[in-house]
Amino acid sequence: MGVVNVTPDSFSDGGHFYSVTSAVAHARQLIEEGADLIDIGGESTRPGAAEVTVEEERRRVLPVLEALSDVNVPISVDTRKPALMREAVAAGASMINDIEALQSAESVEVVAGSAVAVCLMHKRGTPANMQIAPRYDNAVTEVAKFLEERVAAACAAGVARDRLLVDPGFGFGKTLQHNLQLLRGLAAIAPHGVALLAGLSRKSMLGQITGRAENRRVFGSVAAALIAAQHGAHILRVHDVAATRDALEVLQAVRANSA
Ligand code: YH5
């Protein structure tokens, strides 16, 4: 899964031409590099990020989604706003990536009334406060329990189990130690028959480990992606598609000869 952020305008031209155009070009580049899925996001959910209005998020995401209607890979929309989920589904999105795991009743309703896949992610707190001393007695069992409950809620609302993915939400209200525990215990967090998505790409935990700035975390990200794959992740949310693909091809070759 290649990450495409639709960032605020670099030029103050009154429109959103520049950010939309560059996001579309970036998505096409990632597909060329071998992405099997594209995740478009218009809200920054990094620690400390400010919230954006639904109008602003819509103006960023929908034109990109519409401009990519010709591509032959499914498109996921990273949003926690039910109104945008509804519009994204209508505009052809194949998946909703909800960092709030459909905890809003309106979000479950939108997804249940559609045929799209949905990723249910664990997070503790809000992007504004989530990194202030997060505590768990056992991060792996607590995250697994939350995800199991969200899977049960989605199924009860009418979302078929084979449309669901779960994600431990690396960096969302977790210390480095929690993130490492979750990576080690990844295989235990997916309920039976539900696919596992992992997003470690360029995150702060890699900076804490390697001492590298965000734009120098490609090697660490590839290592983390490979470890996640070996621990059972089915989908990897990454910025560096070409590099990650090479690593996965090596893993794939090893697995193919191990039977
Ligand atoms: C995720 O894990 N993450 S947005 C901080 C960084 C670098 C990257 C400080 N959306 C996930 O990518 N959706 C995001 O450096 C996600 N899983 C799912 N499903 C945060 C992000 C990032 C944050």
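The values are calculated or read from the model by the stated rules, or taken from the named source; none is laboratory data. Since this is a predicted model, take the numbers as computed values, not measurements. So basically every Cβ, Gly included, is an ideal-geometry build from the backbone, and we count neighbours across all protein chains shown. Side chains are part of the model used for accessible areas, which takes the heavy atoms of the whole protein and leaves out ligands, DNA and RNA. Shrake-Rupley method; radii C 1.70, N 1.55, O 1.52, S 1.80 Å.
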**OP:** Could you list, in sequence order, all residues of the stretch 173-198 that are in contact with a Gly (Cβ under 8 Å, 6 or more places away or on another chain) and within 26 Å of Glu109 (Cα to Cα)?
**Re:** Ala190, Leu196
Original post:
Could you say which residue among Val166, Val222 is within 12 Å of the ligand (Cβ to nearest atom), touching a helix residue (DSSP H, G or I) at 6+ places or on another chain (Cβ under 6 Å) and among the β-branched types (Val, Ile, Thr)?
Top reply: Val166
**OP:** Might you check whether a residue that is of a type in the set (A, V, I, L, M) and in a strand (DSSP E or B) occurs anywhere in the stretch 215-234?
**Re:** no
**OP:** Please give the number of the condition Asp246 fails out of (1) under 29 Å from Glu148 (Cβ atoms); (2) not in a strand (DSSP E or B).
**Re:** (1)
Subject >> Test: Ala50 is closer than 30 Å to Asp246 by Cα, surrounded by fewer than 14 Cβ atoms within 10 Å (Cβ to Cβ) and either of a type in the set (A, V, I, L, M, F, W, C) or more than 14 Å from the ligand (Cβ to nearest atom) (or both) >> reply: no
Subject >> Subset of the stretch 59-92 [of a type in the set (A, V, I, L, M, F, W, C), more than 15 Å from His26 (Cα to Cα) and open to solvent by 10 Å² or more (accessible area, probe 1.4 Å)] >> reply: Leu62, Ala83, Val89, Ala90, Ala91
Original post:
On the given criteria, is Val143 within 20 Å of the chain's Cα centre (by Cα), assigned to a loop (DSSP other than H, G, I, E, B) and in contact (Cβ under 8 Å) with a residue 40 or more places away in the chain?
Top reply: no
Original post:
Of the residues in the stretch 76-112, how many are within 21 Å of Val143 (Cα to Cα) and part of a loop (DSSP other than H, G, I, E, B)?
Top reply: 8
Original post:
Any idea how many residues of the stretch 225-258 are farther than 21 Å from His26 by Cβ, within 14 Å of the ligand (Cβ to nearest atom) and free of Cβ contacts under 8 Å to residues at least 60 places away in the same chain?
Top reply: 2
Subject >> Those residues of the stretch 15-47 which are away from the ligand (no atom under 14 Å from the Cβ), within 17 Å of Val77 (Cβ to Cβ) and not in a helix (DSSP H, G or I), in sequence order >> reply: His16, Ala35, Asp36
